[in-house]
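Let me begin by presenting the structure, written as structure tokens, before commenting on it.
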């Protein structure tokens with residue numbers, strides 16, 4: 001089982017940086033180059049100066065190293081003298097409902113997948129090489145990974161959800177209106193209870209696969225040792241059974257060479273039942289809401305369906321539903337490639353049947369952002385197609401937490417961007433540096 005420990009947290013010094021809202025940012029991998037500049041301009045001490053450092057080639061990692069050392073010397077950052085763990089709260093609204101999600105921030109020893117730690121997402125070499133060089137330069141982890149743990153009885157949540165927080169201590173509000181608050185657990189008995197419960201639970205990676213695998217490889221090369229700081233990653237742990245855990249779909253934006261609308265619809269009709277929802281800019285909210293409602297209802301009934309919006313037929317959104325009589329056969333075919341648990345996912349059927357078979361995209365193109373790009377929101381997907389940037393937008397249902405666990409425990413991987421856990425873990429509230437332990 002995974003080993004969870006308290007740690008000496010490196011934190012921003014509010015007396016030096018002032019408003020903490022000016023120095024935090026989302027995780028590095030969801031920040032566009034334009035957004036990076038916005039965050040960097042907020043403060044010379046914003047966390048993006050470390051997580052997304054300036055410079056060409058390896059120079060940027062050197063710049064991150066120099067900045068971090070400078071900030072430590074100038075007391076921009078300080079390291080807590082005592083080890084501890086933190087309660088991490090996110091307060092947010094989503095689709096008209098208010099949420100309060102609490103988890104734990106601690107460090108966890110890296111393990112091979114299957115030894116109490118499970119993945120669900122495919123990784124790629126480029127991002128891992130980038131994070132490896134940054135980790136070595138700063139000698140630590142600048143951002144927490146997003147982990148889930150299994151606690152059906154909510155034993156940890158029952159102890160931490162009713163605790164009163166000091167929201168003037170370490171609390172920020174991000175650009176989406178989410179309030180993030182960090183609070184060190186003051187009770188050593190409670191700390192021991194939490195650490196023990198987490199250490200006896202399976203851990204599932206929600207976000208941070210590339211960083212986890214980078215840390216694991218690095219620790220293996222140096223020799224994994226439970227007494228060495230480099231053998232651990234900084235992580236935020238949330239109960240997978242919490243009612244406040246939200247997974248959003250990731251919409252697909254597709255570019256197709258030599259695309260013909262009529263031929264595309266004809267090919268779709270071989271496998272899907274097709275219905276059309278009228279779409280206009282004036283009625284966009286109504287049309288999208290109607291689409292989502294029907295799609296959610298059909299997923300609950302075990303059906304596979306997608307929304308499709310085409311640049312060549314902009315007055316409607318197509319709702320396509322896989323024909324029930326073909327479903328078993330299609331899933332069986334896909335199983336031969338990706339495994340049964342993955343084959344039954346909506347996103348896998350879209351990838352293998354629609355993108356590859358019907359649209360003729362190769363595996364290389366499916367995994368290339370030049371041909372298949374992504375966005376979180378349905379309206380943004382449709383807008384991108386209306387502008388002519390992409391030919392097609394595919395609207396998906398979200399992957400369920402049960403589907404994530406089934407795939408993870410079989411040590412299989414989903415297609416990329418199959419899950420979007422919301423909200424993300426804010427970067428800059430706490431840092432884990434090996435030399436400070």
Problem - Wholly within the range 196-280, strands (runs of 3 or more DSSP E) carrying at least 3 residues that are within 18 Å of the chain's Cα centre (by Cα) and surrounded by fewer than 21 Cβ atoms within 10 Å (Cβ to Cβ) - result: 246-248
Handout entry: residue 334 being free of Cβ contacts under 8 Å to residues at least 24 places away in the same chain and surrounded by 19 or more Cβ atoms within 10 Å (Cβ to Cβ)
Key = yes
Completion exercise
Of (1) buried (at least 17 other Cβ atoms within 10 Å of the Cβ); (2) over 27 Å from the mean Cα position of the chain (by Cα); (3) within 30 Å of residue 95 (Cα to Cα), residue 306 satisfies every one except (2)
Problem - Residues satisfying the stated conditions in the range 281-290, i.e. under 30 Å from residue 100 (Cβ atoms) and either touching a strand residue (DSSP E or B) at 6+ places or on another chain (Cβ under 8 Å) or crowded, with 16+ Cβ neighbours inside 10 Å (or both) - result: 288
Problem - Listing of strands (runs of 3 or more DSSP E) fully contained in the range 46-146 that carry 3 or more residues being in contact with a helix residue (DSSP H, G or I) (Cβ under 7 Å, 6 or more places away or on another chain) and surrounded by 13 or more Cβ atoms within 10 Å (Cβ to Cβ) - result: 97-109
Practice task
Enumerate the helices (runs of 4 or more DSSP H) found wholly within the range 346-437, keeping only those where 1 or more residues are under 30 Å from residue 86 (Cβ atoms) and in contact with a helix residue (DSSP H, G or I) (Cβ under 7 Å, 6 or more places away or on another chain).
Solution key: 401-409
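With the structure loaded, tell me whether residue 294 is free of Cβ contacts under 8 Å to residues at least 24 places away in the same chain, surrounded by 13 or more Cβ atoms within 10 Å (Cβ to Cβ) and outside any strand (DSSP E or B) or whether it fails that test. Outline the logic, then answer.
Working: free of Cβ contacts under 8 Å to residues at least 24 places away in the same chain: no; surrounded by 13 or more Cβ atoms within 10 Å (Cβ to Cβ): yes; outside any strand (DSSP E or B): yes.
Spelling it out, it is not the case that residue 294 is free of Cβ contacts under 8 Å to residues at least 24 places away in the same chain, surrounded by 13 or more Cβ atoms within 10 Å (Cβ to Cβ) and outside any strand (DSSP E or B).
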Fill in the blank from the handout: Checked 47, 85 against criteria (modelled with pLDDT of 95 or more, closer than 29 Å to residue 231 by Cβ and either more than 22 Å from the chain's Cα centre (by Cα) or not assigned by TED's automatic domain parsing to the domain that holds residue 230 (or both)); the one match is 85
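The values are calculated or read from the model by the stated rules, or taken from the named source; none is laboratory data. Every value quoted in this text rests on a predicted model; they were computed, and no experiment measured them. Note: ideal-geometry Cβ built from the backbone for every residue, glycine included; neighbour counts use all protein chains shown.
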